[in-house]
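In what follows, a structure is listed as structure tokens, so that the remarks can point back to it.
Rule-based calculations on the coordinates, nothing more; no lab input. This structure is a prediction, so every number in the text was calculated from the model and none was measured. Glycine also receives a Cβ, built like all others from the backbone with ideal geometry; neighbour counts cover every protein chain displayed.
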Amino acid sequence: MKQATLRKLTDQALELLDTCAIAELLPPELAQGMMSLPEALRTLHRPPPTLQLADLETGKHPAQRRLILEELLAHNLSMLALRAGAQRYHAQPLSTNNILKDKLLASLPFKPTSAQARVVAEIERDMALDVPMMRLVQATSAQGKRWLRRLPPCALLPTVSRWR
């Protein structure tokens, strides 16, 4: 998309801010002292000449903070709704085969950290429930997550044989 087209579309969207009433989604206690959403959008998409670019480069400008807060809140609320919806469904509870799990742990070229052991316990707890598991494992190293992918099969193998 050409820069001129993008600028024209942005101008049109900003004009709509003047004609359309945008509902304030943040609770008053959170929005107090913050820029309004239209003001934050205008500031970021058409910064006034008096605005110091250094303020934007740090990511701590009040307009950025306003949008960050709103986006994080929207994301968290949508995840809560998604989780609540998933809880309506049933899943087959699974228990981990400790023999297979111990073999997996023994085959690792390293000793899992206490944080990794905690995540394993959380995954096992989630798999034992009769609702779908929704889990995102975050870690700084890929190696730390890679071996965790092998854990669910430790639970599935004995379960599959029971279903046959």
Roughly how many nanometres apart are two label points built 7 Å out from the Cα toward the Cβ at GLN138 and SER95?
3.4 nm
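Is it possible to state the helix-based mean residue ellipticity at 222 nm for the chain, with each DSSP H run of 4+ residues giving -39500 (n - 2.57), the sum divided by total residues, to the nearest 500 deg cm²/dmol? What is it? Walk me through the intermediate numbers first.
On the way: 9 runs with 102 residues, N = 164.
Only helices count here, giving -19000 deg cm²/dmol.
Sort 75-83, 126-134 by the packing proxy (mean of other Cβ within 10 Å over each peptide's residues), most packed first.
Values: 75-83: 10.7, 126-134: 14.1.
For the peptides 75-83, 126-134, the packing ranking is 126-134, 75-83.
Fully extended, how many nm does the chain gain between ARG83 and ALA117 (0.36 nm per residue separation, minus their Cα-Cα distance)? Intermediate results must be reported in sequence, preceding the final value.
Details: separation 34, 0.36 × 34 = 12.24 nm, distance 2.43 nm.
Full-extension gain reported as 9.8 nm.
Between LYS145 and LEU67, what is the FRET efficiency for a Förster distance of 45 Å, r being their Cβ-Cβ separation, to the nearest 0.05? List each step's numbers first, then the result.
On the way: r = 30 Å, r/R0 = 0.67.
The value I calculate is 0.90.
Taking 8 Å as the Cα distance limit and 6 or more residues as the minimum spacing, I'd like the relative contact order of the stretch 3-86 as a percentage.
That works out to 29 percent.
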What are the aspartates and glutamates whose alpha-carbon lies under 16 Å from the alpha-carbon of LYS60, with same-chain residues fewer than 8 places away excluded?
GLU39, GLU70, GLU71
Calculated FRET efficiency for the pair LEU53/GLN3, C-beta based, R₀ 22 Å, to 0.05
0.75
Among ALA91, ALA63, PRO28, pick out the residue whose Cα is farthest towards the positive end of the charge dipole of the chain, where Lys and Arg carry +1 and Asp and Glu carry -1 on C-beta, about the Cα centre.
ALA91
